[in-house]
Amino acid sequence: MEKKKEEVKSVSPFIETRDLNQLAKKSGNLYKSINIISKRSSQLNSSLKEELHKKLEEFASSTDNLEEVFENREQIEISKYYERLPKVTLQALNEFQNDEIYIKDADASITK
């Protein structure tokens with residue numbers, strides 16, 4: 001888990017201009033590359049969402065009163081941590097550019 005956090009911290013949270021030719025070289029087609037990045041970002045998003053819900057389940061109570069909502073600092077800190085993380089699309093793009101994504105080409109097996 002700590003390794004994952006360090007990898008996420010190394011991703012720049014800022015949007016940067018990318019060379020589309022470099023993206024196209026990885027898969028042979030720009031649109032295929034974008035599709036791969038999109039699918040990976042969806043995977044990252046669902047795992048991140050699941051992780052967040054598990055952590056926030058600890059704070060769920062059957063009766064919510066107004067004082068509990070404002071006094072729960074730990075829950076607020078967890079939420080702020082997830083808000084500060086880089087967007088999953090940037091994480092997926094970084095993984096794609098660093099060849100950390102396994103790509104299974106279904107089209108190649110059909111045509112051959």
Q | region 1-33, subset under 16 Å from V88 (Cβ atoms) and among the small types (G, A, S), residue modelled with the lowest pLDDT | A | S10
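Conditions (1) surrounded by 10 or more Cβ atoms within 10 Å (Cβ to Cβ); (2) under 28 Å from N35 (Cα atoms); (3) at pLDDT 80 or above, marked per residue:
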| position | (1), (2), (3) |
| --- | --- |
| E51 | yes, yes, yes |
| E57 | no, no, yes |
| E67 | no, no, no |
| T89 | yes, yes, yes |
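The values are calculated or read from the model by the stated rules, or taken from the named source; none is laboratory data. Being a predicted model, the structure only gives us computed values, none of them experimental. Counting neighbours? That spans all protein chains shown, and the Cβs are built from the backbone with ideal geometry, glycine included.
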